[in-house]
Amino acid sequence: MQATRPTEAERFWAKVRKTDTCWIWTAANNGRKGYGVFYPAAGKIYAHRWAYVDTYGEIPSGLVVDHLCCNVRCVNPDHLEAVTNRENLMRADIGPRNAAHNRERAARRRLALA
């Protein structure tokens, strides 16, 4: 009997350590800035982008995936939001001390769109 290969999702989520807040990517990273990297069949992708697509679907054209928690290793879908590059850069200027503010603002935006 031949063993079945794990699905792409099983491979991905097996490399995640869940904490009470962030879900930390424990496998490869890009070294320079610490962003997690995943290698699905289609090729290399940042782990947070893969988690976003797996949970919410394609990233809208012209948007990037922002970490609301300011933790580049985090792949918790609740901490990820598709935003413009400008918004992402503005949030980066705010820094980790305002991660809770970023999450609250994103939650309000999601409610308004629902």
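Can you pull out the residues in the stretch 1-18 that are touching an Asp or Glu at 6+ places or on another chain (Cβ under 8 Å) and closer than 15 Å to residue 73 by Cβ?
If the condition is that a residue be touching an Asp or Glu at 6+ places or on another chain (Cβ under 8 Å) and closer than 15 Å to residue 73 by Cβ, then 12 is the only one that fits.
Filter the stretch 16-41 for residues that are crowded, with 16+ Cβ neighbours inside 10 Å and of a type outside the set (A, V, I, L, M, F, W, C) and give the result.
29, 35, 36
Which members of the stretch 28-62 meet the condition of being in contact with a strand residue (DSSP E or B) (Cβ under 7 Å, 6 or more places away or on another chain), part of a helix (DSSP H, G or I) and farther than 21 Å from residue 5 by Cα? Step through it out loud before you land on a result.
The initial filter retains those residues of the stretch 28-62 that are in contact with a strand residue (DSSP E or B) (Cβ under 7 Å, 6 or more places away or on another chain), namely 28-30, 35-38, 44-52, 59-60.
Subsequent filtering for residues that are part of a helix (DSSP H, G or I) retains 47-52.
Correct list: 48, 49, 52.
Filter the stretch 8-17 down to residues that are more than 13 Å from the chain's Cα centre (by Cα) and either part of a strand (DSSP E or B) or not small (Gly, Ala, Ser) (or both), then give me how many there are.
5
Can you confirm whether the stretch 31-51 contains a residue that is hydroxyl-bearing (Ser, Thr, Tyr), at pLDDT 95 or above and in contact with a Pro (Cβ under 9 Å, 6 or more places away or on another chain)?
Looking for residues that are hydroxyl-bearing (Ser, Thr, Tyr), at pLDDT 95 or above and in contact with a Pro (Cβ under 9 Å, 6 or more places away or on another chain), one finds none in the stretch 31-51, hence no.
Of all residues being free of Cβ contacts under 8 Å to residues at least 12 places away in the same chain and among the basic types (Lys, Arg) in the stretch 19-53, which is farthest from residue 75 (Cα to Cα)? Just the residue, please.
Only one residue fits best here, namely 32.
Identify the single condition in (1) at pLDDT below 95; (2) of a type outside the set (Asp, Glu); (3) under 8 Å from the mean Cα position of the chain (by Cα) that residue 71 does not satisfy, given that it satisfies every other one.
The failed condition is (3).
Of all residues being aliphatic (A, V, I, L, M) and over 13 Å from the mean Cα position of the chain (by Cα) in the stretch 18-30, which is modelled with the highest pLDDT? Just the residue, please. Can you show your working first?
Here is the first cut: in the stretch 18-30, the residues aliphatic (A, V, I, L, M) are 24, 27-28.
Retained after the next criterion (residues that are over 13 Å from the mean Cα position of the chain (by Cα)): 27-28.
On the way: 27: 96, 28: 93.
Here the residue is 27.
The values are calculated or read from the model by the stated rules, or taken from the named source; none is laboratory data. All values derive from a computational prediction rather than experimental measurement. Neighbour counts are summed over all protein chains in view; Cβ atoms, including those assigned to glycine, are modelled from backbone coordinates with ideal geometry.
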